[in-house]
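Below is one structure, written out as structure tokens, with a few remarks after it.
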Amino acid sequence: MAGSMGRALINFPPKARKGDVIEIRTLLSHPMETGFRPDSYGRLIPRDIVNRFECLFNGEPVFACDLFSAISANPFMAFTMTATQSGELVFRWKDDTGAVMEEKRRFEVE
Amino acid sequence: MRAALFVLSLGAASAALAEIPADQRKSGADFMSAQTRAMQNDDATNPAMLSVLDGESRWSAKAGAGAKSCADCHGPAETSMKGVAARYPAFDAESGRPIDLAGRINSCVETRQQAQPLKPESPGLLALTAYVALQSRGMPVAPPSDERLASFRARGEELWRQRFGQLNFSCAQCHDDNWGRKLGSAPIPQAHPNAYPIYRLDWQGMGSLQRRLRNCMSGVRANAYPYGAPEFVDLELYLMQRAAGMPMETPGVRP
């Protein structure tokens with residue numbers, strides 16, 4: 001476990017043919033505290049959001065984005081990739097506490 | 001004699017007030033947008049599955065004085081917990097009262113594992129409850145016919161029809177008499193407890209049936225019972241009876 005990040009659900013077709021466009025879906029558990037909410041004493045709760053997500057395939061970037069305050073807790077992201085060869089997908093999330101969470105998955109092309 | 005009186009009063013109550021006929025019963029999911037339903041129906045997008053994953057690892061995590069895990073006694077949840085959530089609340093001989101699923105899990109944590117009991121609505125308790133309840137997904141709600149539960153169930157129905165709060169509404173007035181209509185912009189569902197614990201988009205997180213009932217109570221400006229109050233278990237007992245036969249949906253997503 002890293003910072004407020006707990007678990008990630010990652011979903012994509014286990015196997016694909018060369019040239020197929022596959023959809024990759026990720027769901028990360030994170031409170032995404034906006035920084036605008038007061039606690040019961042009226043003090044602002046410090047912002048703690050995932051501010052960067054990236055996905056790499058064999059070291060090459062597939063998808064990356066910056067995230068901001070208006071994104072719900074447990075952010076869900078879906079994007080596509082063209083299947084070219086078998087290899088390793090790396091998913092990386094970074095939050096405001098500086099914590100980084102990384103998940104790796106094997107992807108097979110028939 | 002007492003039991004007979006309860007049965008009598010129960011019969012009179014259901015004859016006098018409109019209960020939803022079996023063929024018109026609808027899950028809360030039927031009142032949601034297609035998008036929210038799709039989110040619930042796909043385990044890759046259902047955010048409650050994050051809590052279920054947490055529950056799965058807690059199931060086999062050793063804890064307490066005996067350093068035992070749930071799995072050490074119960075084995076794999078897929079077999080031992082199948083159908084269990086569909087039968088709860090059940091009668092707890094020790095306390096002489098019905099107990100809900102989260103209460104049963106917590107009493108196991110305290111007495112069998114000899115660990116610190118989990119706080120109501122804590123992520124750990126919700127996760128374990130959701131993981132256990134997932135094992136009943138798709139199975140029909142099957143309230144036990146245990147006679148010792150009858151008086152508590154009748155008390156639950158009484159609470160269901162009891163007007164309370166500054167707005168002076170009962171649960172039944174909205175959820176039996178006016179389901180399908182709108183309250184503000186939101187549709188009024190039938191209040192079936194077959195998907196709990198749920199991930200509620202409004203909460204941005206998981207919550208139990210008790211949390212949902214507390215929401216409704218503060219909605220009618222009543223003093224909500226505290227978590228773990230026996231009234232909540234009685235109400236759940238009645239609601240499960242009212243939803244008997246409907247498929248379990250846990251872990252549900254609700255708007």
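Brief remarks follow.
- Mean partner shielding of peptide A:26-32, defined as the number of other chain Cβ atoms within 10 Å of each residue Cβ, is 3.
- The trypsin sites (Lys or Arg not before Pro) of region A:40-110 that DSSP puts in a loop, and whose beta carbon has at most 11 other beta carbons within 10 Å, are A:ARG43.
- Computing Rg and the Kirkwood Rh from the Cα coordinates of the protein assembly as shown gives a ratio, Rg/Rh, of 1.01.
- Residue list for region B:115-147, given a label point 7 angstrom along the Cα-to-Cβ vector of B:ALA61 and an amide N cut-off under 16 Å: B:115-132
- Normalised alpha carbon radius of gyration of region B:20-140 [divisor 2.2 N^0.38 Å]: 1.18
- FRET efficiency estimate (nearest 0.05) - Cβ-Cβ, B:SER122 to B:LYS182, R0 51 angstrom: 0.90
- From helices alone, chain B scores -12500 deg cm²/dmol at 222 nm; the rule is -39500 (n - 2.57) for each run of n ≥ 4 DSSP H residues, then divide by the residue total.
- For region B:25-254, a crude dipole built from +1 on the beta carbon of Lys and Arg and -1 on the beta carbon of Asp and Glu, taken about the Cα centre, is about 400 debye to the nearest 20.
- Taking label points 7 Å from Cα along the Cα-to-Cβ direction, B:LEU201 and A:ASP96 give a separation of 2.4 nm.
- Cα-based Rg of region B:187-255 normalised by 2.2 N^0.38 Å, two decimals: 1.09
- Close lysine pairs were tallied over chain B: pairs 8 or more places apart or on different chains with Cα atoms under 27 Å apart number 7.
- Modelled spin labels at B:LYS26 and B:ALA71, positioned 7 Å past Cα toward Cβ, are 4.2 nm from each other.
- J(HN,Hα) series, region B:82-95, from Karplus relation 6.51 cos²θ - 1.76 cosθ + 1.60, nearest Hz, glycine and proline x: 4, x, 5, 4, 5, 9, 8, x, 10, 7, 9, 4, 4, 8
- Peptide packing: for B:141-148, B:235-242, B:95-102, B:178-185, the average count of neighbouring Cβ atoms within 10 Å per residue gives the ranking B:235-242, B:95-102, B:141-148, B:178-185, highest mean first.
- Fully extended contour minus Cα-Cα distance, from A:LYS104 to A:ASP20, at 0.36 nm per residue: 28.1 nm
- Restriction of the chymotrypsin sites (Phe, Trp or Tyr not before Pro) in region A:23-69 to DSSP coil positions whose beta-carbon has at most 14 other beta-carbons within 10 angstrom yields A:PHE36, A:TYR41, A:PHE68.
- For A:VAL90, the accessible surface of its heavy atoms amounts to roughly 20 Å² (probe 1.4 Å, protein chains only, rounded to the nearest 10).
- Histogram of C-alpha separations across region A:8-109, 5 Å bin width, %: 3, 12, 22, 21, 14, 11, 7, 5, 3, 2, 1, 0
- Charge tally in the Cβ shell below 13 Å around A:PHE79, where Lys, Arg are +1 and Asp, Glu are -1, A:PHE79 excluded: -1
- Percent of Cα-Cα distances greater than 22 Å, calculated over region B:25-254: 51
The values are calculated or read from the model by the stated rules, or taken from the named source; none is laboratory data. Quick caveat: nothing in here was measured; it's all calculated off a predicted structure. Every residue, glycine as well, gets a Cβ built from its backbone with ideal geometry; the counts of neighbours run over all protein chains shown. Accessible surface areas use protein heavy atoms only, side chains included; no ligands, DNA or RNA. Shrake-Rupley method; radii C 1.70, N 1.55, O 1.52, S 1.80 Å.
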